[in-house]
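Written below as structure tokens is the structure these notes are about.
What follows is calculated from the coordinates using simple rules that are stated; it is not laboratory data. Small disclaimer: the values here were computed from a predicted structure and weren't measured. Cβ placement follows ideal geometry from the backbone for every residue including glycine, while neighbour counts extend to all protein chains displayed.
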Protein chains: 2
Amino acid sequence: MKLQELNARGQSSVSTVSSTRLIRARSKSINFVSTKYESLDYDICENMLVVDEERSKGYNYIMQINIIRYILFLVIGLLVGLITLFIDFSIQFLTQPKYRILRVLTDECHKHCYIYLYVVWCLLVMVPTAIGSFLAIYVESESSGSGVPAVLCYLNGVSMPRMMTLKTLVCKVAGVICAVVAGLGAGKEGPLIHIGTIIGGLIPSMNIPNRKISSYMNYFQNDKERRDFSAGGAAAGVAAAFGAPIGGVLMSLEEGTSFWSVLLMWRIFICGIISSFFFNFFLSWHHGHSGKMAYDELFFFGKFSDAELRYEVFELPLFILMGAIGGLIGALCVELNMWLTVFRSRFIKKKWQKFLEAMMVAFITVNFGVFSIYAMSNVCLPVNYRPDNAVQVNCKENEVNIQSYFWFQIQENMLKHLLHSPIAVFQAVPLLVHLLLYSIMILLTTGLSISAGLFIPNLIVGALWGRLFCIGLKYLFPHADWIIPGKYALVGAAVQLAGMVRCTISLSVVVIEATGNITFALPVMFALATTKWIGDFISEGVYEMQINLRGLPILPTDPPPLTSNITAEEIMSTSVVTIPTCVVVAEVLAKLKNTNFHCFPVVGQSTLVNTQDPDFLIPYGQLEGLILRSQLIVLLMNKAFEESHPADFETRLNMFRKAYACQQVDVESLELTTAEKEMVLDLRAYMNPSPYSVRAVTSLPRIFRLFRSLGLRHIIVVNNVNQVVGIVTRKDLARFRLWVHRGNMRLKELRVHS
Amino acid sequence: MKLQELNARGQSSVSTVSSTRLIRARSKSINFVSTKYESLDYDICENMLVVDEERSKGYNYIMQINIIRYILFLVIGLLVGLITLFIDFSIQFLTQPKYRILRVLTDECHKHCYIYLYVVWCLLVMVPTAIGSFLAIYVESESSGSGVPAVLCYLNGVSMPRMMTLKTLVCKVAGVICAVVAGLGAGKEGPLIHIGTIIGGLIPSMNIPNRKISSYMNYFQNDKERRDFSAGGAAAGVAAAFGAPIGGVLMSLEEGTSFWSVLLMWRIFICGIISSFFFNFFLSWHHGHSGKMAYDELFFFGKFSDAELRYEVFELPLFILMGAIGGLIGALCVELNMWLTVFRSRFIKKKWQKFLEAMMVAFITVNFGVFSIYAMSNVCLPVNYRPDNAVQVNCKENEVNIQSYFWFQIQENMLKHLLHSPIAVFQAVPLLVHLLLYSIMILLTTGLSISAGLFIPNLIVGALWGRLFCIGLKYLFPHADWIIPGKYALVGAAVQLAGMVRCTISLSVVVIEATGNITFALPVMFALATTKWIGDFISEGVYEMQINLRGLPILPTDPPPLTSNITAEEIMSTSVVTIPTCVVVAEVLAKLKNTNFHCFPVVGQSTLVNTQDPDFLIPYGQLEGLILRSQLIVLLMNKAFEESHPADFETRLNMFRKAYACQQVDVESLELTTAEKEMVLDLRAYMNPSPYSVRAVTSLPRIFRLFRSLGLRHIIVVNNVNQVVGIVTRKDLARFRLWVHRGNMRLKELRVHS
């Protein structure tokens, strides 16, 4: 059958560009664009129904929609704040007994009970890990990892179907609690961004019993509005996680969004403020400082005084040096992580293997803890430095084992101690040992099948080597009074994280907001700028790496340079299935069932005679409009071809919006009688009458900019007389990727397969 | 002649839309879009030359261009920092003797010398005002005012020819020094944004003797690159003015740019950091704290300690109330300002009138000062509150006149005192009197023909009523210890400014950065959010108001709502002048001289026979490409039609880039012989082969989004078979303006005239 052939052709053969400057990706599986992922459609279909609706509704309606939109943003902010609080309290509630048990057992254990201690320790780490990885492997695999790459892709315009469900939300919340309670090298901040995004995406699709409100809510049932709410949720997640509303807005802008408007930025900002306000409000109340919103403990890094962060201008080169180190370490980590991810994708494929891997990592974590406490049992610390659950082991009466200090508390507190303790507290050797063990731990944990973020672990690693750097300085300049460990640990933490994730501007704002101190902003910015330069020179960021390895068709900010000589003709797919404006139902059904294309150009019967220069491209007919697969299915489902089908725009629009909210767009479920199949469907009211189209000579950068700035899913390629000759989708563009590696720049053309 | 007719038609009759929901603007001159302003073209013309260039240059070239771009951003940041420093030092250098003379005269004057004092005072205020307004009126009128509206329009894509010249820069710098030294209600911060923008625009067009570097610099000779550098300069201006690099980036984003990319944001950020670093570095050195970059005095608002800004959660409603007051006052100020601007545009048209007005305002300023010092000569202040140049008049030995405290120091210091002094220092009556007089002063000064910003004056007004608010609270709750005047003055200052300019997010960051304190961020954000809501509900911001009054064709972020029923056909101008791909020089010359169109669609000879549905629009021929007026002039100037014209792309591209840098594009200067006029010019290599085009049925929002996100200057409207039928320009879109006023929302269709 012709249609099936076309379909097969569209699937397998993507036209290739012959350019000498292209390096064709080799058959290595790590360089590809996956066909598994569809795009979102941020372009609103302005068909006749929408025009009719606008004509009937006045500006008051727009005002009401605006108010409801703000209310939804407030609700999202509030919910994200409350869920963050729930996670925070759950972790505290579960870790306190855990570390108390371990402390008591260690303290009371001499000689024969070691095995008992060891077993309990293993259980306390491995049981939560088992639960967490079970959720991420067997229940919902989208809840695995930090979820940030998925959020980035979603905001970029890639459809991530299972990323936004209630199931994922629940698994994510439970999973992240388990991972943190287990004490793996895992943070809750990354998952919180994902959680915020889910809440942002789910709230507008809520089923509200009130008819009036639900009629308003219908307005938000499209990809564009949902994306805006999700961006707000993501910002609220960062805002609550770090207590950094402005940082949240900037991170949402810097990392995520391919679109931007002042209005959206402002709505996201509101969302972030509300979320961090409620989180901090309840936290301050919990800490017994109810109403004191600037209470020191509320700051994510702990409040820094100006004295702790005073610096001289001659220290700037030192901070810049640290930034460079951070960039190098970051790039190395990204590289190592890539190897490990590739290894995992090749050898750890089955579910039980993944589960086993998680248990192995948990087991290694326990052994690292046991090893470092007992192998270094004679390195002690005076007891007056806030010992929490630290144990004594072989130390003297008033001292505690320093390694237990690292292992027997949650990582947020550990980080605060690393940032705020005087230089004498942590000596070089214990820091070095912990740095080594912890680095291995987080390397293994990143990419593990459990809901875990990499923010906190990287901040800790950075703070560890930042302190080591400071100790080195103290060794060189023993009498200098400007050597304060806190500021070096802070710069280390910031640059280590920036070396991994490369979102420099938002990170500097987060550092300012999380330390509660602005006087130190300048050195942090200098250091972070250096990190970004060095890091980007060597490799991409960890999220981009993860996205690329999954073959997600993400579009970068700018088109790859030097591609003006590639035209639409070369990149487009020439297999297009068109539909006439008035079409027999059977034909629609056949086209839906036999192809998997997501859009069908609507063509008129072309009676044009092209007398001159016959184009070598076979034209498909005069472009009249565009109709989506989902629209066609909804039309068939609702039997829009029948005479009795209601003609008012409200009913007609609602059937599309309801279908969007319920995500019920399955061809197979369509059941039509033979009589129905012979009826004629008039598409003119439903199709998009002015889809974006380009001529075949248009260059890649122009198409890229259209895609990127308008959030398109597909663009129709027409010939000189406006006849359809092909179609360009997101994947056709995402295949061309700029590859920067150790200062070399090249264009890669990736393969497209599943 | 037919062409001239067409031209006249294009000028006068803009097609009008017949929609019942439109309210046609009445003949009031304040509702119009001016034809005086052209658009910028941010869309890069990817013609064959550019493709050839890309083909010949490798990725190394791109890398080198990137490095040079960063260097240029660094240079811009550095220069902006240094110029800010120069302005700052000049003001200090000139105001110190001024206020010393006034103090000495006032102190030593009893009875008979009052007239002498009065004359000296008048001279000290009126002479700098005269110089400043002379510069702004007779030398360069673009240097008048804050320049921020011009910057906003430029970044939005409106061509502001004289805004970006060296002359404007010099006048602006000298003018702002004069205005501040005169002691008018004028700040230097707004003009600094303009100054930064000019530097950003000028640097890439510099003439560099080195041939290699200048060949790289050629690359930046287009509107898009220049806009990016200007955005960096604007951010650097804010960064240096307020010591707020992040605030600068956000303000550049929030207020200015219609485009956005992570890469650009990052470059702007670098520019801001460098600018504020160098400014602070030299300032700390000047203050004798060399190397202490976090020295308290460096903060624009003076460093706030946590104790000064501690707050309880129950104060939030108070801050929100202040935000609401700020929104109301702000809207009122905008309204008053609008009346005054309209009054000025009607009755103060001539240059001497403007000059006289400036002198009048200066005279009023002096009289306000004299009046308040002598009328309230018995309101005194203990001398221990940093009296600077305050005088005694009728006060006791250890006291000074409180009003002289307001008048005898520069406004930045005044603001710091208002923010940091204890509550007892300023009593209600002096505050109220100064608030009244100062408000009148800044109302008169805003819009005056002198280079003056409104940031500082509004911050002072806000701080004044913020302190009054605090005194009111103290009266209600005499024993409350949470009533600290500093925080209320700060919130007042922030909301007053936000009520005027409405850039809430960047302003909250600026407040954080300028106070050196983050703990107070939350209340500020809540207050600012309220201000924005209330303010936007009532009126637009002051800059938008000024832009609208000048009829500048700015495009807002989003298309006006409910305009899907307006199509390209209705808004386009149908008078188009097309050019064939190969054209006789005489024809080009005639078309250039007889029309003032800025773009000419290039059409092929259409041999298509449209057998069906003859369109009612007269088609102009098959669209092949687009050529700009400026390109045609350059081609004729360089005699590109001659056989001997060099065929290599480098020479050809350079002729366009040089012409851009020198801005030499005048038709009248073209002199061609009769033989030359008969030659044929082949446009195929020069034209843009794939201009953006839309079909006549495309709706206004779709065209709007294309314009806004791609930075277009014009879009070609084609019919069903890709024949040119019309053209839509920025002004055709800018005519449709959403009008929100006291909660009502309407669409206005503005008239287009000069």
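Structure values in brief
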quantity	calculated
For A:509-518, mean number of other protein chain Cβ atoms within 10 Å	4
The range B:316-549: relative contact order as a whole-number percent, Cα under 8 Å and 6+ apart	31 percent
Karplus (6.51, -1.76, 1.60) ³J(HN,Hα), θ = phi - 60°, over the range A:479-496, in Hz, Gly and Pro reported as x	9, 6, 8, 8, 7, 10, x, x, 5, 5, 5, 5, 4, x, 4, 4, 6, 4
Cβ-vector label at 7 Å, A:LYS36, separations to other copies in nm	6.1
Selection of trypsin sites (Lys or Arg not before Pro), the range A:651-754, meeting DSSP coil and at most 15 other Cβ within 10 Å	A:ARG684, A:ARG742
Anchor B:LYS57: aspartates and glutamates whose Cα lies under 14 Å away (excluding residues fewer than 8 positions away in-chain)	B:ASP648, B:GLU650
For the range B:559-753: lysine pairs under 25 Å (alpha-carbon distance), excluding those fewer than 8 apart on one chain	12
Cα-based Rg and Dmax for the range B:519-567, where Dmax is the largest Cα-Cα distance (Å)	15.5, 51
Student exercise, chain B dipole from Lys, Arg, Asp, Glu Cβ charges, in Debye to nearest 20	1260 debye
DSSP bridge pairs, the protein assembly as shown: antiparallel proportion in percent, nearest 5	75 percent
Anisotropy class of the range A:194-241 from Cα gyration tensor, a/c 1.5 cut	prolate
Label 7 Å beyond Cα on the Cβ vector: A:LEU328 copy-to-copy distances, nm	6.2
Long-range amide H partners of B:MET745 with built H, under 5 Å	none
Cα-based helix-to-principal-axis angle, A:700-710 vs chain A, degrees rounded to 10	80 degrees
Cysteines without a disulfide-compatible partner [chain B; Cβ-Cβ under 4.7 Å]	B:CYS45, B:CYS122, B:CYS153, B:CYS171, B:CYS178, B:CYS271, B:CYS333, B:CYS470, B:CYS503, B:CYS582, B:CYS599, B:CYS662
Label point 7 Å beyond Cα along the C-beta direction, distances from B:ILE115 to other copies (nm, shortest first)	11.3
Space enclosed by the convex hull of the alpha-carbon atoms of the protein assembly as shown, per residue, Å³	190 Å³
The protein assembly as shown - charge dipole about Cα centre, Lys and Arg +1 at Cβ, Asp and Glu -1, debye rounded to 20	0 debye
Number of partner chain Cβ atoms within 10 Å, mean per residue of B:561-567	6
Debye log10 I(q)/I(0) at q = 0.17 Å⁻¹ for the range B:184-331, Cα point scatterers	-1.08
Loop GluC sites (Glu not before Pro), the range B:642-746, which have at most 15 other Cβ atoms in a 10 Å radius of their Cβ (DSSP)	B:GLU642, B:GLU643, B:GLU668, B:GLU671, B:GLU678
Restricting the range B:473-581 to chymotrypsin sites (Phe, Trp or Tyr not before Pro) in coil, as DSSP defines it, with at most 15 other Cβ within 10 Å	B:TRP482
Prolate/oblate/rounded call for the range A:316-549, Cα gyration tensor, a/c under 1.5 rounded	oblate
Only Lys, Arg (+1) and Asp, Glu (-1) charged, at Cβ; the range A:67-298 dipole about Cα centre in debye	500 debye
Chain A - percent relative contact order, Cα under 8 Å, separation 6 or more	21 percent
Relative contact order of the range B:67-298, pairs being alpha-carbon contacts under 8 Å that are 6 or more residues apart, as %	26 percent
Spatially proximal aspartates and glutamates relative to A:LYS474 (Cα-Cα < 18 Å; intrachain offsets below 8 disregarded)	A:GLU308, A:GLU312, A:GLU315
